[in-house]
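I have placed the structure first, in the form of structure tokens, so that the comments after it can refer back to it.
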Amino acid sequence: MTDPIADMLNRIKNAQILSCEEVTIPFSKLKYEIAKILEQEKVVKKIEKLGKKSRKIIKINLRYENGKSVISGLKRISKPGRRVYFPVKKIRSIRGGYGFTIISTPKGLMTNKQARKEKSGGEMICEIW
């Protein structure tokens, strides 16, 4: 069984290692929502949804500053074989506030900061720093 979110994170990580300007990922609503959060947190320049019906893709333009990638690390937390849930009281900041966690809550996908504001816990999707 493959994990599409882990595949998305690996594609981004590999593109940054090769200093690619953009990366394409097969489309799904969840991956598109994750990409929108990456754009909102300003770790990627721009995202676009391209294609029709079954051939949809997400094009992500990566952000670099002084030749170095803005994202220094990505980590999948909750996996298909082992789901990880946190109540709102256990949601903490990542890397001293330099990173963020994407959390799937009943109110939709959001960062750890937004989830604490909304007082909503949920499944920890991934960490980005």
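The values are calculated or read from the model by the stated rules, or taken from the named source; none is laboratory data. Nothing here was measured: the structure is a model prediction, and the numbers come from that model. Neighbour counts are summed over all protein chains in view; Cβ atoms, including those assigned to glycine, are modelled from backbone coordinates with ideal geometry.
Worth a mention:
- Meets criteria (of a type in the set (D, E, K, R) and touching a Gly at 6+ places or on another chain (Cβ under 7 Å)) for GLU127: yes
- Only a single item in (1) aromatic (Phe, Trp, Tyr); (2) surrounded by fewer than 16 Cβ atoms within 10 Å (Cβ to Cβ); (3) within 21 Å of LYS119 (Cα to Cα) is not met by TYR64, and it is number (3).
- Matching residues in region 10-51 - criterion: being among the aliphatic types (A, V, I, L, M), surrounded by 15 or more Cβ atoms within 10 Å (Cβ to Cβ) and over 18 Å from TYR64 (Cβ atoms): ILE25, ILE34, ILE37
- Any hit, region 79-94, residues being of a type outside the set (Phe, Trp, Tyr) and within 12 Å of the chain's Cα centre (by Cα): no
- Checked against the criteria, LYS75 counts as of a type outside the set (Gly, Ala, Ser) and either under 16 Å from ILE5 (Cα atoms) or modelled with pLDDT under 95 (or both).
- Within region 111-129, tally of residues that are surrounded by fewer than 17 Cβ atoms within 10 Å (Cβ to Cβ) and in a helix (DSSP H, G or I): 3
- Qualifying residue in region 83-96 (condition: surrounded by 11 or more Cβ atoms within 10 Å (Cβ to Cβ) and within 28 Å of GLU21 (Cα to Cα)): yes
- Listed by position, the strands (runs of 3 or more DSSP E) enclosed by region 1-104 that each have at least 1 residues that are within 16 Å of TRP129 (Cβ to Cβ) are 44-50, 57-62, 74-76.
- The listed residue being modelled with pLDDT under 95 and out of contact with any helix residue (DSSP H, G or I) (no Cβ under 8 Å at 6 or more places or on another chain), out of PRO80, PRO106: PRO80
- Restricting GLU48, GLU33 to those that are touching a Lys or Arg at 6+ places or on another chain (Cβ under 6 Å), assigned by TED's automatic domain parsing to the domain that holds LYS13, at negative phi and not β-branched (Val, Ile, Thr) reduces the list to GLU48.
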